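Just so it is clear, none of the values below were taken in a lab; they were calculated from the coordinates. These figures come from a predicted structure and were not determined experimentally. Because the Cβ atoms are built from the backbone with ideal geometry, glycine has one as well, and the counts that use them run over all protein chains shown.
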Ligand code: PFF
Ligand code: NA
């Protein structure tokens, strides 16, 4: 055990790191395609409600318990009751590590597309950006659709090299430690990311057809609210986007000083994250409107697959843009890569702190080993069957990882540790009251919503 536990240099450092972890590919890539698939404006209402019913209370729970126990997830849960330790390891070792592996692959795609934006290799390809992405780039397309999981091909060299670069960057930053590595990098990345996004949003608003895309994005379709699957998607997206159920927010809060305004930190993190997603959505949907107009289609018909939204729609737009197309593409994919990297380093950092809370470990060795294993396991996603695997792993991890862990946390903290006790700890540390009914709320509404989501996810499979 380390006697001298590292601490954040300042509250701003903590908030930046929490926001850095939260704001990621989930806000641009995942948010926009889930929104797209669930009817655009229709999705925003369940999304915002899910933020308040599940997102903020659970974030408060993770921050609160990490701060109370001064330890990452496995040890924190162990201290509530030793029988719960496995939930923490499940969150950190299985869910977090699993997601990290494919998350880095998507960052590798972003890095590749920064270069592709310069050369636009899809322009000569029959079928345009769609055929380029699934066919030439991923090597996933066959005559009868995409390759299945067992239709393995050799790894794609471009993705493989980019993936090695992603892991090397991760390793170097996290290897330097919290204060010398993660914190200063995040301090540069997050403001840079917000700046890039502002440029992109303003730019996209001037595209012809932007209005059509925005109307679709912002006008609610009330009928969709009756579909329970939309709610399940919204809650799942909230987990992913706020980095909940990974144990990461628990680890982060464990480095906070004794006196901290946890409620304020949770609200800032949650609103910065969802605000960023909704804002980034403006750029994405304005761009889709442009594409719809250029192709004479409705916004809802422009893209056929969710994953394609970022990697097919944007490249296509880049080659049709009236001015500075290369620049637009480089900006967009750099923003995605930076968002992704700031999240991946926070994941690895949390993983390392979970291990070093429990065992004497040499950080350099752990980080080196972790990055090597991550790279090796990631190789399966660089093959032609990669997309099929990505789909399977993502689905499996969200239901048996994130949502299940969230549900267990709510049960364990709500009933065993005591929701009221957590509430008074949070207030005692110097926070304003979130709600005097936090404990009751946690036990009933939040747990109910999580149980609904968990069963819903399994229903959706049939
Ligand atoms: N919240 C991140 C996103 O929205 O992209 C994803 C993520 C990053 C989840 C880091 C978990 C994590 F620890
Ligand atoms: Na996010």
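Observations
- Contact order normalised by residue count of segment 332-462, Cα under 8 Å, 6+ apart, percent: 20 percent
- Packing, as the average of other Cβ atoms within 10 Å across residues, places the peptides 235-244, 401-410 in the order 235-244, 401-410, highest first.
- Gain in span if fully extended, residue 205 to residue 459, counting 0.36 nm per residue against the direct Cα distance: 87.5 nm
- Value of relative contact order over the chain, rounded to a whole percent, pairs C-alpha under 8 Å and six or more apart: 36 percent
- Alpha-carbon centroids, segment 171-193 and segment 237-256: separation in whole Å: 17 Å
- Max-minus-min Cα coordinates of the chain on each principal axis give 60, 50, 42 Å, with the largest extent listed first.
- Over segment 210-292, relative contact order from alpha-carbon pairs under 8 Å, at least 6 apart, %: 72 percent
- Tilt relative to the chain, helix 41-50 - C-alpha long axis, 0 to 90 degrees, to 10: 10 degrees
- Neighbour-count ranking [beta-carbon atoms within 10 angstrom, fewest first] of 87, 161: 161, 87
- From helices alone, the chain scores -20500 deg cm²/dmol at 222 nm; the rule is -39500 (n - 2.57) for each run of n ≥ 4 DSSP H residues, then divide by the residue total.
- Whole-angstrom gap from segment 27-97 to segment 106-120, using each part's C-alpha centre: 30 Å
- Computed FRET value (nearest 0.05) for residue 195 with residue 320, which takes r as the C-beta separation and R₀ as 25 Å: 0.50
- Distance from the C-alpha centroid of segment 138-161 to that of segment 353-422: 26 Å, rounded to the whole angstrom.
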